[in-house]
Amino acid sequence: MNENNLSEVGTPVDRLTQLQHFLDVQENLAQSDLLGVLSSAKIPHDIARVYTELATEPEVAEEAAKFSLAALGRGVKRELWDSIIGRTIVSTTTIVTTAEIIKKIIAKDPVGPSELFVTFFNNAIGWAGKTIEKPEVIPVLVGVGAAVLWTLLPPMVWGKVFDRESRKTIKAVGEEARKRETRAGELQELVEGRADLAGKVGPNVQIDVGKSDPAAALLIELFHHLGLEVVTYWDENNPLFSMSPYWKETRDDWTNRKTLTEGDVREAIGSIILVSNGDDVILSPEQQDTKLHAQDMTDNEALGIVNARDAIRREMGLPLLHHFLVTNPRGKINIGIARIGEAPYDAKTIGKIIEENHPNVHLVDVDLLAFKEIALIASQKNLPIELLTNKDRGEEYYEALRLVTQAHNDRVEAGLEEHKIKIATPEDGKCTLSIVYGSNDEDTIAQVEATASDFSQEGDFIAIINDPEKITRLPVGIRYICIGNIEAMGVFNEFSKLFAQGLIRLPQVQESS
Amino acid sequence: MNTQQLNEHKIMAQISRVILLRIKTVIIQHLKKEDIAELEQVMKEKNINLVLNFAHKKIPQLSQKIYSEIELLAQKITQSI
């Protein structure tokens, strides 16, 4: 059968019918090819019949067709999320797949649909191999295959197929936007972070960013991979608007009820709070600088956000959200007590407060995640570590370094981590792992330029960069750890764990008919 | 579902059926003769997961081969419109 003849059949206006006819032919050809190879392989007729009919039940096709994804990455849709097996597959394979993606991002190697599909396929099959009773594996795989195919089609194909309806829609939207100033106003409000998003976003993850955070972009990307929208909260402007247009401007008022309600907290399924001390994402001091010009978001503000979101959800009669708080749990809440004599209280750490009062808050300790990597690198040559940083901050950073090293080593002793870390002493001379972490990424890069050739001679040398964007600015050949990527991965893994346990669920929404 | 969603759904269902057939064909095409007898044993369970696992173990880079089929189908669709 000559399939190409079909492109000449019918009127060009009805592209949809043309595509359906084309797929009919492809289905017949595929059926015929399968029968041909079964016959060539001399497979007995009864076995061949069973093989041909495997997984052709209408419900399998129906399940597979639910993967109407606009792109594989953006598309694990609610049908998959809502199935227990699908959820397990996604939460298990996503972690692995995402790890692969991140590795590729770090390696500056773009991830193509081929690689995504191969990774997903291998992981899903590997997972399915654990037991045989997993009837949903094949529709998931076939559906993902169809989704990958979707991503391979140029957008113009779908534009042509749905031409008439698209044109009608575009025209209607366009005319309405032109005619009604209120519509234009709404768009402007969206751009400026003032739009009321309540009930308009759908299942979403809320991320409190502040002025900036190196993990924000990757986190948005990762949640979009799962088909979830993200509502971000920023102090003043949202430089990631093109990635995620749903955002609220906070003007440093993170607990404002109106802001949170309009940020669609009703449909949220989780919240992520990114605390950072100015440019310090790791090694922040025990006592935070609460002056707003230096602080993106303090622990005090983060606690306020947790309480505010919880209060609003309670008022709405909704279950409390799970919050993922990215901070240094060893940081202390600054309290002064006015009384005569010494006060009989100790300052509590944020970690202790969360442990005691907030079971729905999950701490992500980026310092420990980063130092796990550093410990691994140091252990390869059995080197003690030293920190190179801005001259005026050496003392402050040393104290933070001492605390996080102690915390890491405590975990090693408890059997939770491997490889203890030793801070270099004068006896170690130049035989050290020199870690460069300046006050900000620009300082780090300048310090790397100034010291790399001297400090790497006898020991080893590594730069710590906060923002994934800045990695390319490092001199060629310098090894680095990217805190933004580690932070995003840490949050995402915590989220995936809760999801796999069924503690985070999508709200049930009635599909409109 | 609106008409467009319904149409998309129908197309995805049809594409899925073609992909399933292509996956099955790729598996048979790439199995060695000595594996066929073993496949017949696996087939007695009438379980597609077992077949997939079997094929995954026997055929190197099965996923890449299936991806190539998907890519080919996408090219054909693009050319047909």
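Going by a ≥ b ≥ c, the root eigenvalues of the Cα gyration tensor, does segment A:224-265 fall in the rounded group (a/c under 1.5), the prolate group (a/b larger than b/c) or the oblate group? Because a/c hits 1.5 or more and a/b fails to exceed b/c, segment A:224-265 counts as oblate.
Taking amide H positions as modeled 1.01 Å from N, with prolines and chain starts lacking one, the residues under 5 Å from A:Tyr480 and 5 or more places away or on another chain are A:Ala463.
Computed extension gain for A:Ser379 through A:Val412, at 0.36 nm per residue and net of the alpha carbon distance, reaches 10.6 nm. What is the log10 of I(q)/I(0) for chain B, computed with the Debye formula using one identical point scatterer on each Cα and no solvent, at q = 0.13, 0.18 Å⁻¹? Taking Cα atoms of chain B as identical point scatterers yields -0.52, -0.82.
Using the average count of surrounding beta-carbon atoms within 10 Å as a protection proxy, the listed peptides A:35-47, A:217-229 rank, highest first, as A:217-229, A:35-47.
Shape analysis of segment A:394-459 places it in the prolate category; the axes a ≥ b ≥ c from the Cα gyration tensor give an a/c of at least 1.5, with a/b above b/c.
Pairs to check: A:Lys248/A:Lys420; B:Lys10/B:Lys58; A:Lys211/A:Lys258; A:Lys497/B:Lys57; A:Lys200/B:Lys10. Give those whose C-alpha atoms are more than 31 Å from each other in this structure.
Check vs 31 Å cut-off fails for A:Lys248/A:Lys420; B:Lys10/B:Lys58.
Max-minus-min Cα coordinates of segment A:302-365 on each principal axis give 46, 27, 15 Å, with the largest extent listed first. Taking other C-beta atoms within 10 Å as the exposure proxy, A:Val140, B:Val26, A:Val366, A:Val476 rank A:Val476, B:Val26, A:Val140, A:Val366 from fewest upward. Here A:Tyr480, A:Tyr233, A:Tyr246 are placed in order of increasing Cβ neighbour count within 10 Å, fewest first, which gives A:Tyr480, A:Tyr246, A:Tyr233.
Backbone phi angles across segment A:258-268, fed through the Karplus curve with coefficients 6.51, -1.76 and 1.60 (θ = phi - 60°), yield HN-Hα couplings of 4, 4, 5, 5, 5, x, 6, 5, 4, 8, 5 Hz in residue order; Gly and Pro are listed as x.
Defining a contact as two alpha carbons under 8 Å apart and six or more residues distant in sequence, what relative contact order in percent does chain B show? Present the calculation step by step, with values, prior to reporting the outcome.
Values: 22 pairs, mean separation 25.8, N = 81.
Over chain B, the number comes to 32 percent.
Shielding of peptide A:137-147 by partners, expressed as the average count of other chain Cβ atoms within 10 Å per residue Cβ, is 6.
Rounded to whole numbers, the Karplus 3J(HN,Hα) couplings from phi for segment B:61-67 are 6, 4, 4, 5, 5, 5, 4 Hz, using 6.51 cos²θ - 1.76 cosθ + 1.60 with θ = phi - 60°, and x at Gly and Pro. For A:Val231, the residues whose modelled amide H falls within less than 5 Å of its own, excluding neighbours fewer than 5 places apart on the same chain, are A:Val205, A:Gln206, A:Ile207. Taking θ as phi - 60° and the Karplus parameters 6.51, -1.76 and 1.60, the scalar couplings of segment B:12-27 work out to 4, 5, 5, 4, 4, 5, 5, 5, 4, 4, 5, 4, 4, 5, 4, 4 Hz in sequence order, x denoting glycine and proline. With neighbour counts taken as other beta-carbon atoms within 10 Å, the residues B:Met43, A:Met316 rank, fewest first, as A:Met316, B:Met43. The calculated FRET efficiency for the pair B:Ile36 and A:Asp392, based on their C-beta separation and a Förster distance of 56 Å, comes to about 0.15. Volume per residue for segment A:391-513 equals 189 cubic angstrom (convex hull of Cα atoms).
Distances between placed amide hydrogens fall under 5 Å for A:His362 paired with A:His323, A:Phe324, A:Leu325, all partners being 5 or more residues away or on another chain.
Read-outs throughout are calculated quantities, based only on the coordinates presented, and are distinct from any laboratory measurement. Because the structure is predicted, anything quoted here is derived from the model rather than measured. With ideal geometry, Cβ positions are generated from the backbone for all residues, glycine too; neighbour counts draw on all protein chains shown.
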